[in-house]
1. Outside the structural domain of TYR88 (by TED's automatic domain parsing), over 18 Å from the mean Cα position of the chain (by Cα) and acidic (Asp, Glu): which single residue out of ASP199, ASP246, ASP219 fits that description?
2. Answer yes or no: is there a residue in the stretch 36-47 that is acidic (Asp, Glu) and modelled with pLDDT under 80.
3. So, LEU10, is that one aliphatic (A, V, I, L, M), surrounded by 10 or more Cβ atoms within 10 Å (Cβ to Cβ) and under 30 Å from GLU90 (Cα atoms) or not?
4. Go through the stretch 168-196 residue by residue and tally those that are at pLDDT below 85 and either in the same structural domain as ALA63 (by TED's automatic domain parsing) or of a type in the set (S, T, N, Q) (or both).
5. What number of residues within the stretch 184-214 are surrounded by fewer than 12 Cβ atoms within 10 Å (Cβ to Cβ) and of a type in the set (A, V, I, L, M)?
6. Scan (1) surrounded by fewer than 12 Cβ atoms within 10 Å (Cβ to Cβ); (2) more than 27 Å from VAL215 (Cα to Cα); (3) among the small types (Gly, Ala, Ser) for the single condition GLY58 breaks and write down its number.
7. Does the stretch 15-43 hold any residues that are basic (Lys, Arg), free of Cβ contacts under 8 Å to residues at least 24 places away in the same chain and in contact with a helix residue (DSSP H, G or I) (Cβ under 8 Å, 6 or more places away or on another chain), and which are they?
Amino acid sequence: MTNRSDDDVLRGYLLGRVASESRDSVEKRLFSDDRVFWERLCLLEDELVDQYARGDLGGEDAASFERDFLVTDERRAKLDLALALKEYVERRKESRRTAWDWLRKPLPSPAWALVVAATVLLAFPAVVWRVAAARGPGAPVSAWVSSGLVRDVEGELSRVTLPPGCQLVRLHLDTGPAPQESYRATLHDVEGAELWAQDRLHAAAVDGRTAITLVLPCDLLPPEDYYVRLEGASPGGEPTPLGRYDFRVLRQP
């Protein structure tokens, strides 16, 4: 087979669209010494995740991706990371655009103030690039957060301690024994402002418990109190409120 036909077969394999004979042929090559074939499969996995995160997969491809591709914890983690990085970059771009709009307005500020502001803005692309390039950050921080803790009620908030140089944090939200078809999670600060949202989340086993894993950039979480609202989602149905997860972020010096 040519490289192009290899790619077509592998893409169909990943999306669950190949006949049993072709599937058997692919799996035999994957378990052989054909390292190039295996590496091509891994690259196509990453391409599918990126296309889905960008919204570039069509209806049938997206349905196959959700049904037949997202069947392993590793693939779901790749998608969580891609969505988190996409949202982070978009928010940074929006912050930069808003700041440039402010700079274009006539201001009674001295020239040196505009120079300082422009210098700060010029640092934004470097931050965005560093985050977007971190496709494989080492040892993300993981923490469990339980629902039902309210600030004014006795009980200690879950602590999430972020070390210096932290890039990503995985918040494991305990969903209990009856998982929903899919989930939506929104992150809020102590004032209630929404900071982050992730859709199409799926429950998975983590340390023997059923959980939703929310992947967030550490830069989004300065030391403060936060909470996550979790909702169940089903096609054509109304979201089902499932719980509030309060936690406190601490930073190691």
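The values are calculated or read from the model by the stated rules, or taken from the named source; none is laboratory data. Every value quoted in this text rests on a predicted model; they were computed, and no experiment measured them. Heads up, the Cβs are rebuilt from the backbone with ideal geometry, glycines too, and the neighbour counts pull from every protein chain shown.
1. It is ASP246.
2. yes
3. No.
4. Of the residues in that region, 3 qualify.
5. 2
6. Looking at each condition in turn, GLY58 falls short on (2).
7. Matches in the stretch 15-43: ARG23, ARG29.
Results for (1) farther than 30 Å from GLN167 by Cβ; (2) more than 24 Å from the chain's Cα centre (by Cα); (3) not basic (Lys, Arg), shown as yes or no for each residue.
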site: LEU14; (1), (2), (3): no, no, yes
site: ARG29; (1), (2), (3): yes, yes, no
site: LEU41; (1), (2), (3): no, no, yes
site: VAL49; (1), (2), (3): no, no, yes
site: GLY58; (1), (2), (3): yes, no, yes
site: GLU66; (1), (2), (3): no, no, yes
site: ARG76; (1), (2), (3): no, no, no
